[in-house]
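Q: The structure under discussion is supplied below as structure tokens; questions concerning it will follow.
Since every read-out is calculated from the coordinates, none of them should be taken as a lab result. Since this is a predicted model, take the numbers as computed values, not measurements. Quick reminder, even Gly has a Cβ in these numbers, built from the backbone with ideal geometry, and neighbours come from all protein chains shown.
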Amino acid sequence: MNCEVAHERIVLAVWGELADEQVHELERHLAICPECGREREQVKALQTLASAYAVTEPDANLVARARLRLDEALDALPAKSWLKRQLASMGGGFNGLRAAPLAAALLLALGVCGGGLGGYQLAAHRAAPGVQAQPAAAQVAARTPEASPVARQTPSASSPEMDKVANISAVIQEPNSRMVEVRYNQMVPQQVRGSLDDPSIQRLLSLASQRAATVGVRDDSVGLLAAECRAGRGCNEPGVRNALMMALRYDQDEEVREKALEGLQPLVADDVRVRNAILETLMNDSDPRIRTISINVLGPVEGDTSVREVLYTISTQDENPQIRDVSRQMLNRVPEIQ
């Protein structure tokens, strides 16, 4: 790896956006390149300085809905065919091309073929005797089985259409069981019952942690997701981690944020994004109790450079004396930064 590539990756690594294998490669380069090592320290100092000032965030519900819908939309995108990829590639380069006779000829040929095929089908349709156009609703009805006039009230866990879920109205766990019932609203109230291992149940709980209108439902949902993570189950799903991090960052209720923080604790050593979310909470959360818990949660990674820099900043500049004292106690276990 040369220094130019290293400088690009240093920024991504500091902000936790670099893949693990590239992080290891970057660390090997930094071990033998003092100049790039100084570059990383400067970027980290800039990050610490930027984090010291609170950033005005957009509405939490808006961000949550936008991210969840974006994830769902990306998952639903079909793989592009070879032709679509080639057309997209040509389209992206049109602004920079002075002359593209081959591309123009290909597009012209496609247009002529498409127009000819469409005209042929239209003519064949008009020429067919006894064929009458049907309304779109009648065509759909002809292709689908007859629907029951009464909507099912208890579908299976795999049946909810997430993009049609308006909100989550209740989350109920059966006593002494890992079965959970999630009640949600579409056009009419519905409910679904399934195990906490079920991906659909996990997705509904993730939705509930962001979309539920009442604090109680958000609290129940985040509590269940956090309990699964503490037990070593469910946190491998990216949606669960994202839901807990978003609840920690944006939820207005202190108890919900505290439960999300407890759920993320087992992941702090292995996931840089989780670590960064907890550092943001330590710097910016309005509740001193949650900030104190954040310091304790960061105990397993107290030797991390970013963690030490934030702790040092907090221990010398924070307005809360208790937060300063707890930060100093943590730093005392890392004597090399004193």
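Q: Taking amide H positions as placed in the peptide plane 1.01 Å from N, state which residues far from residue 194 in sequence (5 or more) or on other chains have amide H under 5 Å from it.
A: Hits under the 5 Å cutoff: 180, 182.
Q: If you don't mind, there's one more thing I want to ask. For a test of the definition: using alpha carbon positions, the gyration tensor, and the 1.5 limit on a/c, classify segment 3-51 as rounded, prolate or oblate.
A: Because a/c hits 1.5 or more and a/b fails to exceed b/c, segment 3-51 counts as oblate.
Q: Using the number of other C-beta atoms within 10 angstrom as an exposure proxy, rank 229, 33 with the fewest first.
A: If I rank by nearby Cβ atoms, fewest first, I get 33, 229.
Q: According to the Kirkwood expression over distinct Cα-Cα pairs, how big is the hydrodynamic radius of segment 282-338, in Å?
A: It works out to 11.1 Å.
Q: Each residue of segment 26-39 in turn: what ³J(HN,Hα) in whole Hz from Karplus with 6.51, -1.76, 1.60 and θ = phi - 60°, glycine and Pro shown as x?
A: With the stated coefficients, segment 26-39 comes to 5, 4, 4, 5, 5, 5, 10, 10, x, 4, 5, x, 5, 4 Hz.
Q: Would you pull out the residues with amide H under 5 Å of residue 169's amide H, same chain only if 5 or more places away, H placed 1.01 Å from N?
A: Here 183, 184, 185 satisfy the definition.
Q: Could you grab the relative contact order for segment 3-51? Cα pairs under 8 Å, six or more apart, rounded to a whole percent.
A: 47 percent.
Q: In whole Hz and in residue order, list the ³J(HN,Hα) couplings for segment 288-299 that follow from phi through the Karplus curve 6.51 cos²θ - 1.76 cosθ + 1.60, θ = phi - 60°; x for Gly and Pro.
A: Along segment 288-299, the couplings run x, 5, 5, 5, 5, 4, 4, 4, 5, 5, 7, x Hz.
Q: Taking the Cβ of each residue in 222, 180 as the centre, tally the other Cβ atoms inside 10 Å and list the residues starting with the fewest.
A: Least crowded to most crowded, the residues run 180, 222.
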